[in-house]
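Note sheet for the following structure.
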């Protein structure tokens, strides 16, 4: 029975299937305050938020109740798995809606699948036994997460550091959060936001200003002065003006770069920067 429900989804051309994007469903207004949850953080410049987090919690609960009972009926043949397929994946003890981004063969001969968790904004790696058909009714619900970046902050160094990201994560997990939309990028479907930490009913702290006061980050309003020793030859040329804005949501969502700053820093020790981030660095010969 599950196969019949899914037949229409499988037989359609992959490029014709698209779960609606919540960014397109909401009428965003600059200056308006939204009740939000930060669902995933790569850096302060690249985050994902959810405004309908109560609805997401309910959907996530219902989805997991359904698949925990009947996941065996929704198994997916390996030959049906392809890039661009919407599916259900089992990751860290829970079921998620996902979009297949990459398929590769591991050194041990196991098929590895990289998927984007469309309701939360993060990437995950799964094997074929942990990927399932997505119930047709769940194809119609817009993905919950929205791309965003924090207002008026930049790193103290050229690129974001792990300790800055850790502090940001700590702050948003310790308090309820609201967001004021500062800028709407309709082309990239991204919001620039000011996040408020609601420590109690009467006190709301601006997250960016708090990080600036703690000397965790710098303000974009202040003039940035980077001094480089005259005559010093740099190993790499930056191909973009503001390195800390990269990688973008797009590169991360499509698995084109390491999906965490920690992994990126580890790879930098062995992989040349122009190979790791070809869109960001050019090697000077």
* **Simple spin-label estimate for residue 28 and residue 175 in nanometres, 7 Å along Cα-Cβ** => 2.3
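By how many nm would the segment from residue 77 to residue 182 lengthen if fully extended, with 0.36 nm per residue of separation less the alpha-carbon distance? Spell out each step's value before the answer.
On the way: separation 105, 0.36 × 105 = 37.80 nm, distance 4.54 nm.
Extending this stretch completely gives an extra 33.3 nm.
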* segment 53-143: radius of gyration and largest Cα-Cα distance (Dmax), Å -> 12.7, 41
* Structure fact -> Taking 144, 23 and counting other beta carbon atoms within 10 angstrom, the fewest-first order is 23, 144
* Points 7 angstrom from Cα along the Cβ direction at residue 215 and residue 105: gap in nanometres? -> 5.5
* To do: Calculate, in nm to one decimal, what residue 70 and residue 166 gain on full extension: separation in residues at 0.36 nm each, minus their alpha carbon distance.
  => 30.8 nm
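None of the figures in this text is laboratory data; all of them are computed from the coordinates on show. This is a predicted model, so every value here is computed, not measured. When we count neighbours, we look across all protein chains shown, and the Cβ atoms used for this are built from the backbone with ideal geometry, even at glycine.
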